[in-house]
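The values are calculated or read from the model by the stated rules, or taken from the named source; none is laboratory data. Only a predicted model underlies this, so the values are computations on that prediction, with no experimental measurement involved. Reconstructed Cβ throughout: ideal geometry from the backbone, glycine too, with neighbour counts over all protein chains shown. The area values use the complete protein model at the heavy-atom level, side chains included, leaving out ligands, DNA and RNA. Shrake-Rupley method; radii C 1.70, N 1.55, O 1.52, S 1.80 Å.
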Amino acid sequence: MKFEGDEIQKAPTKRKVVVVGGGPGGLYAAYTAARRGHDVTLYEKENELGGILKSEQAISFKHEMYELSGTYALLAKRAGVTFKMNTEATKELIEKENPYAVIIATGSTPLVPPIPGLKGDNVIVVNNYYKEKDKVSDHVVVFGGGLAGCECAIHLGMEGKHVELVEMRDQLAPDANIRHRPLLLAQVDKYVQAHTGLKGLEVTPNGILCEDKDGNKVTIEGTTVICALGQRSTTKTVEELQDTAPFVRVIGDAAKVSTITNAVYWGYHAALDI
């Protein structure tokens with residue numbers, strides 16, 4: 001990703017910078033800070049970089065998005081960023097590092113509401129699909145018709161599976177890019193049986209028990225359920241690290257669940273401000 005006027009100026013003072021989280025926003029923040037001459041260390045609690053982009057690797061038409069994280073990681077490494085993998089950035093660790101700046105890019109976690117059966121053995125959270133795709137049966141219900149749910153449903157339909165999609169709102173994928181959405185909906189029509197205006201009440205081994213706007217109960221059948229009910233910011237780490245340096249900036253989904261483009265943009269500008 002290139003930004004208009006992307007002429008990186010060296011910082012007047014070299015600073016010690018810690019970036020927490022190796023998703024797209026964190027990687028681009030680290031890369032930009034290192035290009036400006038800062039001493040940058042990135043902490044990632046898992047053994048693989050990419051954040052939410054990792055979930056894109058099993059979706060055939062989204063694999064290039066997954067590859068983006070590898071590109072950003074390589075750029076950051078070449079710029080001199082130090083990576084500390086499998087390391088959770090606690091308050092004690094950051095205070096010991098004593099950085100001038102901390103950029104918190106811890107992303108978001110899947111929203112799994114307390115709906116009966118939603119943690120059952122036949123349920124796969126959409127973020128984990130790439131790790132559990134072998135568990136998906138030939139008759140699938142995708143629970144949640146936002147962008148992630150629609151894209152997963154299309155992918156499964158393209159694989160030849162019978163796919164049902166359940167969405168409480170009247171519209172599918174209102175969070176999709178305005179130019180991309182008509183193309184997305186055309187693919188939903190081609191590969192997926194979509195049901196809007198249905199509230200999911202319970203997940204069973206046979207599908208999802210739903211209620212329509214008139215209070216009628218209906219079961220949307222499927223032996224595998226993909227939970228795609230959205231994301232929420234990871235606030236615990238943000239609260240813990242908020243006062244660990246003179247300069248602290250929260251970016252990407254950790255600040256507000258948004259797009260990958262926005263996460264990268266916020267990371268870039270956070271690094272320019274150090």
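Annotation for region 64-152: trypsin sites (Lys or Arg not before Pro) lying in DSSP loop with at most 15 further Cβ atoms inside 10 Å of their Cβ are 119. In the chain, the portion of solvent-accessible area held by carbon and sulfur atoms comes to 48 percent [1.4 Å probe, whole percent, DNA, RNA and ligands not counted]. Overall dimensions of the chain, expressed as equivalent-ellipsoid semi-axes from the Cα gyration tensor (√(5λ), whole Å, largest first), are 39, 19, 16.
Here's the list of lysines a cross-link from residue 96 could span, going by alpha-carbon distance under 20 Å and ignoring same-chain residues fewer than 8 apart: 14, 16, 45, 84, 236.
Rounded to two decimals, the Cα-based Rg/Rh of region 14-142, with Kirkwood Rh, is 1.07. Mean sequence separation of contacting Cα pairs (under 8 Å, at least six apart), scaled by the length of the chain, corresponds to a relative contact order of 24 percent. Of all the options 236, 199, 14, the one that moves most in a Gaussian network model of the chain with Cα springs shorter than 10 angstrom is 236.
Sorted largest first, the principal axis extents computed over the alpha-carbon atoms of region 147-221 equal 35, 26, 16 Å. For the chain, a Gaussian network of Cα nodes joined below 10 Å ranks 139, 38, 180 by mean-square fluctuation, and the top entry is 180. Using R₀ = 35 Å, calculate the FRET efficiency as 1/(1 + (r/R₀)^6) where r is the Cβ-Cβ separation of residue 74 and residue 186; round to 0.05. Efficiency, rounded to the nearest 0.05: 0.50.
Across all Cα pairs in region 204-251, the calculated P(r) in 10 Å bins from zero up to the longest distance comes to 19, 26, 17, 17, 17, 4 percent per bin.
Along its three principal directions, the equivalent ellipsoid of region 136-274 from the Cα gyration tensor extends over semi-axes of 35, 18, 13 Å, largest first. I'd like the distance separating the alpha-carbon centroids of region 15-48 and region 231-262, in whole Å. A separation of 14 Å, based on Cα centres.
For region 49-106, the C-alpha radius of gyration sits at 1.39 times the compact-globule guess of 2.2 N^0.38 Å, with N the residue count. Heavy-atom accessible surface of the chain, averaged per residue, reaches 51 Å², computed with a 1.4 Å probe. The helix-based estimate of mean residue ellipticity at 222 nm for the chain, built from -39,500 (n - 2.57) per DSSP H run of four or more residues and divided by its residue count, is -9000 deg cm²/dmol to the nearest 500.
Shape class of region 68-136 from the Cα gyration tensor (axes a ≥ b ≥ c, square roots of the eigenvalues): oblate, since a/c reaches 1.5 or more and a/b does not exceed b/c.
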